Amino acid sequence: MSAAFWDDRYAASPRHLYGVEPSAFLTRQRHRLDRRQSVLAVADGEGRNGVWLAGQGLKVHAVDGSAVGLQKAMRLALDRGVNLRTTCADLTDWAWPEGVYDAAVCIFLHLRPEHRRDVHRAMARALRPGGVLILEAFHPLMWI
Ligand SMILES: C[S@@+](CC[C@H](N)C(=O)[O-])C[C@H]1O[C@@H](n2cnc3c(N)ncnc32)[C@H](O)[C@@H]1O
């Protein structure tokens with residue numbers, strides 16, 4: 001699905017498509033993260049997860065292909081009084097930072113099978129040694 005697809009979806013309503021509360025799975029992984037750690041929020045969309053992480057005291061860099069989503073993420077961060085760094089980029093064609101983050105968090109990113117391995121490897125390479133990768137993904141059975 002293209003950036004234009006996500007821009008249209010996010011622009012269709014001032015509300016947040018997936019709400020403003022973080023993924024329940026992510027909140028259950030909270031113990032794996034420490035305050036002041038740096039985290040890359042991959043495909044952060046409208047920012048519900050990145051903004052929650054920032055509210056937990058982490059230094060968050062959110063990346064997503066949708067400029068509209070990231071604008072809404074920045075607005076949410078402002079409303080919550082937290083800092084959020086954003087980058088608008090296609091993850092399949094991004095100059096991924098390497099060895100930089102204490103954690104990477106990716107919640108519900110739809111990727112074509114031919115891109116999945118490379119993007120997941122890039123997430124892992126973006127981590128410092130010992131870094132944590134938190135991934136919530138779809139299972140094919142969900143589509144039956
Ligand atoms: C299902 S939404 C999930 C958003 C957010 N993680 C959440 O849980 O609310 C998927 C997100 O992945 C982003 N995305 C999909 N393919 C992408 C790509 N190739 N590059 C960058 N972002 C992409 C979309 O823009 C969208 O914001």
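The values are calculated or read from the model by the stated rules, or taken from the named source; none is laboratory data. If you're wondering where the values come from, they're calculated on a predicted model, not measured in any experiment. Please note: Cβ atoms are built from the backbone with ideal geometry, for glycine as well, and neighbour counts cover all protein chains shown.
Of the residues making up region 118-127, not a single one is at pLDDT 95 or above, surrounded by 15 or more Cβ atoms within 10 Å (Cβ to Cβ) and under 17 Å from GLY19 (Cβ atoms).
Surrounded by fewer than 17 Cβ atoms within 10 Å (Cβ to Cβ) and polar (S, T, N, Q): does that describe THR86? Break it down stepwise before answering.
Values: surrounded by fewer than 17 Cβ atoms within 10 Å (Cβ to Cβ): no; polar (S, T, N, Q): yes.
No, not satisfied.
For ASP79, indicate whether it is more than 15 Å from the ligand (Cβ to nearest atom), modelled with pLDDT of 95 or more and in a helix (DSSP H, G or I). Answer is yes for this residue.
Applying the condition of being crowded, with 23+ Cβ neighbours inside 10 Å and small (Gly, Ala, Ser) to region 52-64 and asking which residue is farthest from the ligand (Cβ to nearest atom) yields ALA54. Among the residues making up region 111-132, those that are part of a strand (DSSP E or B) and among the aliphatic types (A, V, I, L, M) are LEU127, VAL132. Which residues, counting only those in region 82-110, are within 11 Å of the ligand (Cβ to nearest atom) and assigned to a strand (DSSP E or B)? Residues satisfying the conditions are THR87, CYS88, VAL105, CYS106, ILE107. Can you name the residue in region 5-51 that is surrounded by 16 or more Cβ atoms within 10 Å (Cβ to Cβ), under 11 Å from LYS72 (Cα atoms) and of a type in the set (Gly, Ala, Ser) and, of all such residues, is farthest from the ligand (Cβ to nearest atom)? Applying the filter and picking the extreme gives GLY47. Restricting attention to region 34-60 and to residues that are charged (D, E, K, R) and touching a residue at least 24 places away in the same chain (Cβ under 8 Å), the residue that is farthest from TRP6 (Cα to Cα) turns out to be ASP34.
Residues of region 89-114 that are in contact (Cβ under 8 Å) with a residue 24 or more places away in the chain and surrounded by fewer than 17 Cβ atoms within 10 Å (Cβ to Cβ): ALA89, ASP90, THR92, TRP94, PRO97, GLU98, GLY99, VAL100, PHE108, HIS110.
Within the bounds of region 23-33, is there any residue that is touching a strand residue (DSSP E or B) at 6+ places or on another chain (Cβ under 9 Å), hydroxyl-bearing (Ser, Thr, Tyr) and not in a helix (DSSP H, G or I)?
Residues of region 23-33 touching a strand residue (DSSP E or B) at 6+ places or on another chain (Cβ under 9 Å): 23, 25-26, 29, 32-33.
So of that shortlist, the ones also hydroxyl-bearing (Ser, Thr, Tyr) come out as 23.
So of that shortlist, the ones also not in a helix (DSSP H, G or I) come out as 23.
Yes, region 23-33 contains a residue that is touching a strand residue (DSSP E or B) at 6+ places or on another chain (Cβ under 9 Å), hydroxyl-bearing (Ser, Thr, Tyr) and not in a helix (DSSP H, G or I).
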